[in-house]
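Read through the structure below, which is laid out as structure tokens, and then see the notes.
The values are calculated or read from the model by the stated rules, or taken from the named source; none is laboratory data. Keep in mind that what you see is a predicted model, and the values were worked out from it rather than measured. Please note: Cβ atoms are built from the backbone with ideal geometry, for glycine as well, and neighbour counts cover all protein chains shown. To get the accessible areas, we keep the full protein, side chains included, count just its heavy atoms, and leave off ligands, DNA and RNA. Shrake-Rupley method; radii C 1.70, N 1.55, O 1.52, S 1.80 Å.
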Amino acid sequence: MVLVLSASLHGCLAAIGQGQPPRKPTSIHPRAGFRSSVFLPVSGNVYPLGYYSVTIDIGNPPKPFQLDIDTGSDLTWVQCDAPCTGCTLPRDQLYNPSKNNFVDCKDPICLAVNSPNPPQCKNPNEKCCFQVQYADHGSVLGFIVSDTFPLRLVNGTLSKPHLAFGCGHCLQNRGLHPPTPTAGVLGLGKSKASISSQLSSMGVTKNVFGHCLGDNRGFLFFGADFVPKSGMTWTRMLQSSSDKHYSSGPAELLFGGKPTGIKGVNVIFDTGSTYTYLNLKVYETVLNLIRKDLSGKQLHDVKDKALPICWKGTKPFKSMRDARNYFSTFALSFTGSSNVQLQLPPENYLIVTEQGNVCLGILNGAEAGLGTTNVIGDISLQGKLVIYDNENQMIGWANADCNRKFGSF
């Protein structure tokens, strides 16, 4: 999840080397008609990997890059041989820009990347720079570049749009520990700099995208062809000139179908976050409700390196199927719409670890430096088709089988 996409820094080259209730799953099929959409297979999981990624070709000739899927971030970026400080990939796997790839400060995309602040450039012909700071205290510094993204549309044609993205040449404290093997981030946020927005502005796809995250696979699509005509639950995106995230609310928290007294909860949908983070008041309420619900059941607190709050049973759990009956379902009931709920059954807030314990995948956002922000992460988005309709400013979801093989939809 991105906290800040800061203004581009003049002289960023100089920074190199410096201190561094369950329903039938919705079926997904391409619609007849528009058929200008891109469908990509996804790999990954919440545990033990902690991320989901897609592989996208960039350049001519095309070179594949594995990118983390991040709806909480606007800018797509890849590790870049410019040269690079802090990169985690071998040099031959880095993106190697040519002189013609660099974007000038006067280019509108440079303004979009740095919005709401203007680019900090001494003259308009300077290279456009960027800096991204993440909630895990990692950061990426680099240049904005533009290159070909060969994309196969569902109608069979090959589109080759020139898209702007970040050439990250200075990485600090990046990502998970150990670092993920990915080359960078696929930014899917709301701003004009995001891939979805750029594809839409070029007429390649509509400004709609969706994802379905399964146990070890899933899919991602751009365009409206895979939006089901029925079976989706929709809620409005919150509108704010300063908020580039996919936010919705307010919502009331339910547990076991009953009110908890927690109301007015606004949430951010963020695939760049492995787990779900709640503000202190909501987090403490959730934890107390779970512990009260477990009273008298044969589960006991245990320490596990995977997560802060864990329980063990009379014997090790082999899967969530073994553990889920001990726990109840949470739900977020969006009060601005009638009967709109995001159901969070046990598999959407718990994991079973390698030690056979069951651990809580809802974390204290205050401890992560998120303040009062509530983030719905990958764990709570699994097993759901989630669609971000920027054309109509709506977020939708439905239960879905995200583990089906690519091409079977």
Whole-angstrom gap from segment 281-317 to segment 194-269, using each part's C-alpha centre
29
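Let's test the formula: R0 of 60 Å, r as the Cβ-Cβ distance of GLN298 and GLN172. What FRET efficiency results, to the nearest 0.05?
Values: r = 46 Å, r/R0 = 0.76.
About 0.85, to the nearest 0.05.
Just check segment 305-391 against the gyration tensor rule for me: Cα atoms, a ≥ b ≥ c as the square roots of the eigenvalues, rounded for a/c under 1.5, and otherwise prolate or oblate depending on whether a/b exceeds b/c.
Working: a/c = 2.25, a/b = 1.57, b/c = 1.43.
Here segment 305-391 falls in the prolate category.
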Say the cut-off is 22 Å between C-alpha atoms; which of LYS160/LYS384; LYS63/LYS160; LYS312/LYS384; LYS315/LYS384; LYS206/LYS229 go over it?
LYS160/LYS384; LYS312/LYS384; LYS315/LYS384
Rg over Rh, two decimals, segment 150-299 (C-alpha only, Kirkwood Rh):
1.03
How many nm is it between the label spots at SER201 and ARG291, if each spot is 7 Å from the Cα in line with the beta carbon?
5.0
What number do you get for segment 253-366 when its Cα radius of gyration is normalised by 2.2 N^0.38 Å, N = residues?
1.07
How large is the accessible surface per residue of the chain, computed with a 1.4 Å probe and reported in Å² as a whole number?
44
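Throw me the Rg/Rh for segment 261-300, computed over C-alpha atoms with Kirkwood Rh, two decimals. Numbers along the way, then the final one.
Working: Rg = 13.1 Å, Rh = 12.2 Å.
My calculation puts Rg/Rh at 1.07.
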What FRET efficiency do you get for ASN123 and ASN60 if R0 is 30 Å and r is their Cβ-Cβ distance, rounded to the nearest 0.05?
0.50
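Against the 2.2 N^0.38 Å scaling, with N counting residues, where does the chain land? I'd like the Cα-based Rg ratio to two decimal places. Can you show the working numbers first?
Values: Rg = 21.3 Å, N = 409, 2.2 N^0.38 = 21.6 Å.
Dividing the Cα radius of gyration by 2.2 N^0.38 Å gives 0.98.
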Where a Cα-Cα gap under 26 Å defines reach, which lysines qualify for LYS122, not counting those fewer than 8 residues away within the same chain?
LYS99, LYS106, LYS192
dims of segment 94-173, Cα set, principal axes, largest to smallest, nearest Å -> 42, 33, 26
